[in-house]
Amino acid sequence: MAMRERAVEAIFFDMDGTIVDTEMLWAEAMVEYLADRGISGDKDEIISIVYGHAWSAIYEKIVALYPRTSVVSVNEMAVELRDYYIKLRNERDISIPESVECLRRLSAHYPIAIVSGSTRIDIGDTIKLMGLESNVLFYLGSEDYQYGKPHPMCYEMAAERLGADPERCIVIEDSRAGIRSAKAAGMRCVALVLEGALQQEIDGADLVLSSLADFGYEEAERVVKNGA
């Protein structure tokens, strides 16, 4: 008896705000980083800059908003800011348990990659912290692609690496920029809207969920076959 062909060829997870609840931590870290340099950062403004964007884009916007930070290079600021982030991360539980278990569950059926705007060192650390080393085939960070989300490059690169048809790939995202990136790459997109998270436009997502607790093989196949 022939096995039924799977509709899904690969699943790509965003990281911050999707697997781990860290976007607010990055915003808080930036506020503290600026304060230690005598700069009063607008937290709401910084939150809007951080959510869903690659580090290179965040750096450019921070420098434009606070010109005194321009004396520090993009790489230098990343290293310095990370110390603030790690301190906050060590004080809190950053896991989104339902998302972590969803990733593990789906990895039994499909190749899984993490495609994030964070740096590779932060993605690698998160994978280890969540115990996902055996579940994630590879990951792409901000150093790996020239244009960050909402540009489709990162997801296009992920599909190309696997030789996967973009129309048969699913992206799981939490931000407007990420959803736009996935759809521009020609992929299906599941939007995760967690309670208490920053409200963003999710137009274009094929499926909107408040939790990934019940998202598994059958649901993934249905997203590609039926669009929802």
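The values are calculated or read from the model by the stated rules, or taken from the named source; none is laboratory data. None of these values were measured; they are calculated from a predicted model. Note that each Cβ is placed from the backbone with ideal geometry, even for glycine, and that neighbours are counted across all protein chains shown.
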May I ask you to say which residue of Arg89, Arg68 is in contact (Cβ under 8 Å) with a residue 60 or more places away in the chain, among the basic types (Lys, Arg) and either touching a Leu at 6+ places or on another chain (Cβ under 8 Å) or not assigned by TED's automatic domain parsing to the domain that holds Gly163 (or both)? Arg89
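Quick one: which strands (runs of 3 or more DSSP E) lie wholly within segment 128-206 and hold at least 2 residues that are more than 22 Å from Val20 (Cβ to Cβ)? Spell out how you get there, then give the answer.
Values: elements: 138-140, 169-173, 188-192.
Here the list is empty.
To keep it simple, each residue is scored yes or no on (1) assigned by TED's automatic domain parsing to the domain that holds Thr126; (2) in a loop (DSSP other than H, G, I, E, B).
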position	(1), (2)
Ser40	no, yes
Lys61	no, no
Val100	yes, no
Leu106	yes, no
Every residue from segment 158-179 that is in contact with a strand residue (DSSP E or B) (Cβ under 6 Å, 6 or more places away or on another chain) and free of Cβ contacts under 8 Å to residues at least 60 places away in the same chain: Ile179
Looking across segment 88-108 at residues that are at pLDDT 95 or above and among the charged types (D, E, K, R), the single one that is farthest from Asp214 (Cα to Cα) is Arg104
Could you grab me the full set of residues in segment 123-134 that are crowded, with 18+ Cβ neighbours inside 10 Å and more than 14 Å from the chain's Cα centre (by Cα)? Met130, Leu132
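If you take the residues of segment 108-127 that are small (Gly, Ala, Ser) and not in a loop (DSSP other than H, G, I, E, B), which of them is nearest to Glu91 (Cα to Cα)? Working first, answer last.
So in segment 108-127, the residues small (Gly, Ala, Ser) come out as 108, 113, 116-118, 124.
When the remaining residues are screened for being not in a loop (DSSP other than H, G, I, E, B), the result is 113, 124.
Numbers: Ala113: 27, Gly124: 19 Å.
This residue is Gly124.
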Can you tell me which residues in segment 4-17 are crowded, with 21+ Cβ neighbours inside 10 Å and either at pLDDT 95 or above or not in a loop (DSSP other than H, G, I, E, B) (or both)? Val8, Ala10, Ile11, Phe12, Phe13, Asp14, Met15, Asp16
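For (1) among the basic types (Lys, Arg); (2) surrounded by 14 or more Cβ atoms within 10 Å (Cβ to Cβ); (3) modelled with pLDDT of 95 or more, each residue gets a yes or a no:
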{"position": "Thr22", "(1), (2), (3)": "no, yes, no"}
{"position": "Tyr33", "(1), (2), (3)": "no, yes, yes"}
{"position": "Asp42", "(1), (2), (3)": "no, no, no"}
{"position": "Ile46", "(1), (2), (3)": "no, yes, no"}
{"position": "Tyr51", "(1), (2), (3)": "no, yes, no"}
{"position": "Thr69", "(1), (2), (3)": "no, yes, yes"}
{"position": "Val74", "(1), (2), (3)": "no, yes, no"}
{"position": "Val79", "(1), (2), (3)": "no, no, no"}
